[in-house]
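Peer 1: Could you have a look at this structure, given as structure tokens, before my questions?
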Amino acid sequence: MDVRKVLATDAALELIGPLKAKYGPVMFHQSGGRCDGDSPMCYREGEFLIGDHDVWLGDIGGVNFYMSEAQYEYWKYTQLIIDVVPGRGGMFSLEGPEGRRFLTRSRVFTEEERQALGL
């Protein structure tokens with residue numbers, strides 16, 4: 001069984017493409033901070049330093065997606081689904097000027113999916 005911890009909707013993939021074309025390689029980090037709520041933040045690769053306490057969840061549209069280890073403990077039983085909605089994104093996220101923002105939706109893994117992931 002192939003179970004992914006993070007997926008992207010078609011709308012999110014359609015926004016990631018132009019961001020990569022405009023900025024070069026990009027990456028995501030699931031924010032848990034106060035300033036940007038719980039928005040997935042899109043950065044130029046290397047602008048946000050990934051540390052020993054960040055967890056790689058997978059990639060969406062060829063872009064790495066990370067989350068802090070502490071936050072992952074709360075989310076590890078859920079699949080993140082990255083979507084796009086109208087509005088302004090986080091002030092440091094690359095999609096901000098585009099008039100759309102990334103949004104995290106989620107669903108709880110089934111028992112079979114948890115077993116496949118070793119959870």
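Peer 1: For a quick check of understanding: with a 1.4 angstrom probe and all protein chains in place, what accessible area in square angstrom does L103 have, to the nearest ten?
Peer 2: Surface open to solvent at L103 totals about 40 Å².
Peer 1: As a test question: what accessible area, to the nearest 10 Å², does I50 have when a 1.4 Å probe is rolled over all protein chains in place?
Peer 2: Its accessible surface works out to 70 Å², give or take rounding.
Peer 1: Using only C-alpha positions, report the orientation-averaged shadow area of the convex hull of the chain, nm², one decimal.
Peer 2: Over all viewing directions, the chain projects a mean Cα-hull area of 7.2 nm².
Peer 1: Can you give me the % of accessible surface on the chain that is carbon or sulfur? Probe 1.4 Å, all protein chains present, nothing else counted.
Peer 2: After summing per-atom areas, the C and S share lands at 51 percent.
Peer 1: Using DSSP, restrict attention to beta bridges with both residues in the chain and report what percent are antiparallel, rounded to the nearest 5.
Peer 2: If I count the DSSP bridges inside the chain, around 75 percent turn out antiparallel.
Peer 1: Also, quick follow-up: Quick check: pseudo-label points 7 Å beyond the Cα along Cα→Cβ at I50 and Q115, how many nm apart are they?
Peer 2: 3.1 nm
Peer 1: Round to the nearest 10 and report in Å² the accessible area of E45, as given by a 1.4 Å probe over the protein chains' heavy atoms.
Peer 2: We get 110 Å² for E45.
Peer 1: Right, here's the next one. Can you list the aspartates and glutamates whose alpha carbon sits under 17 Å from that of K20, skipping same-chain ones fewer than 8 residues off?
Peer 2: Of all the aspartates and glutamates, those that pass the test against K20 - Cα under 17 Å, at least 8 places apart if same chain - are D10, E45, E47, D59, D83, E95, E98.
Peer 1: At 1.4 Å probe radius, can you tell me the per residue accessible area of the chain in Å²?
Peer 2: About 56 Å² of surface per residue is accessible.
Peer 1: Per DSSP H run of n ≥ 4, the term is -39500 (n - 2.57); total these for the chain, divide by its residue number, and report the mean residue ellipticity at 222 nm rounded to 500 deg cm²/dmol.
Peer 2: That calculation yields -6500 deg cm²/dmol at 222 nm.
The values are calculated or read from the model by the stated rules, or taken from the named source; none is laboratory data. Note that the structure is predicted; figures quoted are calculated from it, not measured. We place every Cβ from the backbone using ideal geometry, glycine too, and count neighbours over all the protein chains shown. Protein only, heavy atoms only, side chains kept; ligands, DNA and RNA dropped before computing areas. Shrake-Rupley method; radii C 1.70, N 1.55, O 1.52, S 1.80 Å.
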